[in-house]
1. Check D56 against each of (1) within 16 Å of the ligand (Cβ to nearest atom); (2) surrounded by 12 or more Cβ atoms within 10 Å (Cβ to Cβ); (3) in a helix (DSSP H, G or I) and name the one condition it does not meet.
2. Name the residues in the range 106-157 that are among the basic types (K, R) and either modelled with pLDDT under 80 or part of a strand (DSSP E or B) (or both), would you?
Amino acid sequence: MPGKGGRVKLMKIKEKKFVQDAFQRTNFLYQASMSILKNQPENIELVRHYMKSFRDIKEKKVIKISVEMKQSMCEHCNMLLMPGLTSTVRIRDNHRVVVKCLSCNSIRRSNTMKPSTKDQIKNADLNRKKRKKKRQKKKEKMQKKKKESGKNALVAT
Ligand SMILES: [Zn+2]
């Protein structure tokens, strides 16, 4: 008879197997729907079915899924969102990404990172240095021109 600790260990191993299994299944469903969308776009309902079971497994087993996977799925009609095929992607105000599902016309907005103030300060510093260099170059050029014109004037007299 295994002790209490042994039973806990067994449970943990079983849990691990369950999670692993769920990962494998979701991964397979995701890849299968991707390839169907690419190779047989007329089978769009099959993709929806696969993505629906993908979602069911994800919600039943409570597993974490990468952000890219999560964002490439329509929450309203369980469609796999592929830019150009089943969705359109637009950028608004330079930092807002708007993804529109073409089968149910739902819209998802997400903010990309705005440049932080630290970066802005850094960029401003860099720009100032660049401008300074440009000014110096201009000055040098002007001085050279002046010298040359002076020489010419001397030659003329
Ligand atoms: Zn949709």
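1. The number of the failed condition is (1).
2. Of the range 106-157, the ones among the basic types (K, R) are 108-109, 114, 118, 122, 128-135, 137-139, 141, 144-147, 151.
The answer is R108, R109, K114, K118, K122, K151.
The values are calculated or read from the model by the stated rules, or taken from the named source; none is laboratory data. All of these numbers come straight from a predicted model, not from anything done at the bench. Glycine also receives a Cβ, built like all others from the backbone with ideal geometry; neighbour counts cover every protein chain displayed.
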